[in-house]
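Have a look at the structure below before the remarks.
The values are calculated or read from the model by the stated rules, or taken from the named source; none is laboratory data. All figures in this text were calculated on a predicted structure; none of them were measured in a lab. Methodologically, a virtual Cβ is constructed for each residue, glycine included, from the backbone with ideal geometry; neighbour enumeration extends over all protein chains shown. Calculation scope for accessible area: heavy atoms of the full protein, side chains included, ligands and nucleic acids excluded. Shrake-Rupley method; radii C 1.70, N 1.55, O 1.52, S 1.80 Å.
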Amino acid sequence: MNSFFKGVRKHIGKLSADALREQYKRVADEFDFFEKVLGAIKEGIVVLDGDGEVTYQNPFAVELLGKGGLKGLNINLGQSSKQELAVTYPEERALEVQTMMLERNSTLVIIRDVTAEKRHTEEALMAAGQSAVRDLAAGVAHEIGNPLNALSLNLQLLARDYPNEDAIKVCRHQIKRLDAIIRDFLQALRPSRPCLVPGNVAEPLTNCLNALKHRFEEKRVRVVLDIPGAIPVVAIDKNQLEQVFFNLFKNALEAMHDGGSIEVAVTANDGEVETRIRDSGEGMDEERLRHLFEPYRTGKAGGTGLGLMVSERIVREHGGTIGAESKLGEGTTFIIRLPRIEKRIRALK
Ligand code: ADP
Ligand code: MG
């Protein structure tokens, strides 16, 4: 079909009025056809121009978003991104919002209703949570931690006597990997409800950055902070948010192969506190971005594909959202938004 239009475009100057009328009719029929297809699709499709104005939306987009449209969804124009949002209007739903670049500066937004899917995953997780197998798995994973620690300590002692022994280095590296795998599994197997208290995102952020300081230096990664002194209060479970930031920094580090930078910026608006973590790593393609928060989707030899699933769950249980924007070869930005406490109180009044 594309080549047909190209052919018409090429010869348009030579076409007679009748031929033009004929072609026009064909185009109009095509248009009707596509409109019908887009009208039947159970995914919301919106096209925005370079200024963010809606140039097209299919009926399902209107059904999903109501009159407010894309307002409040924080769409970044001209970027590939994916985020999961909870909306309360026109009804309570979980939406997955994906953006892609189109030609002529337009942005394609695809919105999927994942309410049922989410509920299903949640129920499956809950069911698994009650099973003895799961407790057993968590128990075993936990028990492996102790001998690993002992091994690690002894290897450290050995390394002092034999500083150039490669075998020791290999063992220590593998132990680190095992340790990370076990931590991911334990987080995934034993979800605990966050214990939310009023707090500041800067604290878990800086705790995490301090703990990883050596890793950043080792990998020649520069960390640039833009965290204002006074940040509005949000309801947080400090330990769990540290887990989220730790997972994100670890992924960022693993995405950088020859030094680079990580930029951390915290901003606030009327309703939310937003934390952006941007890395100059290898980035992701759209396929990976599409399945980003799903379990076991890893792109790494030693990965578990659980870190982001756990992070998404934690942020969601904080009443917030997490999303990512990425360009292959350029880097990735994770965006975490947490609702401000004062706003909640005001909304309740
Ligand atoms: P794991 O790190 O164990 O693979 P995660 O859930 O943490 O599992 O991440 C899933 C996948 O998403 C990674 O394997 C990687 O391919 C991709 N990914 C996550 N964060 C980034 C990032 N900052 N840059 C590039 N790719 C990333
Ligand atoms: Mg990870």
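One table, with the values for the structure above:
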quantity	calculated
Test: residue in region 260-272 that is within 13 Å of ligand 2 (Cβ to nearest atom) and not aliphatic (A, V, I, L, M)	no
Single match in 86, 61 (criterion: in contact (Cβ under 8 Å) with a residue 24 or more places away in the chain, part of a helix (DSSP H, G or I) and either closer than 23 Å to residue 292 by Cβ or in contact with a Ser or Thr (Cβ under 9 Å, 6 or more places away or on another chain) (or both))	61
Residues being closer than 15 Å to residue 332 by Cα and among the hydroxyl-bearing types (Ser, Thr, Tyr) - total across region 271-302	2
Selection within region 226-235 - in contact (Cβ under 8 Å) with a residue 24 or more places away in the chain and open to solvent by 10 Å² or more (accessible area, probe 1.4 Å)	226, 227, 228, 231, 232, 233, 235
One residue from 172, 177 being closer than 24 Å to residue 303 by Cβ, in contact with a Gly (Cβ under 7 Å, 6 or more places away or on another chain) and open to solvent by 80 Å² or more (accessible area, probe 1.4 Å)	177
Output for region 186-224, where each listed residue is within 30 Å of residue 154 (Cβ to Cβ), at pLDDT below 80 and surrounded by 15 or more Cβ atoms within 10 Å (Cβ to Cβ)	186, 187, 188, 189
Any chance residue 80 is touching an Asp or Glu at 6+ places or on another chain (Cβ under 8 Å) and either outside the structural domain of residue 105 (by TED's automatic domain parsing) or open to solvent by less than 70 Å² (accessible area, probe 1.4 Å) (or both)	yes
Residues satisfying the stated conditions in region 242-263, i.e. at negative phi and of a type in the set (Gly, Ala, Ser)	252, 255, 261
Boolean, residue 293 is more than 11 Å from ligand 1 (Cβ to nearest atom) and in contact (Cβ under 8 Å) with a residue 12 or more places away in the chain	no
Filter result for residue 322 (within 13 Å of the chain's Cα centre (by Cα), among the hydrophobic types (A, V, I, L, M, F, W, C) and within 15 Å of ligand 2 (Cβ to nearest atom))	yes
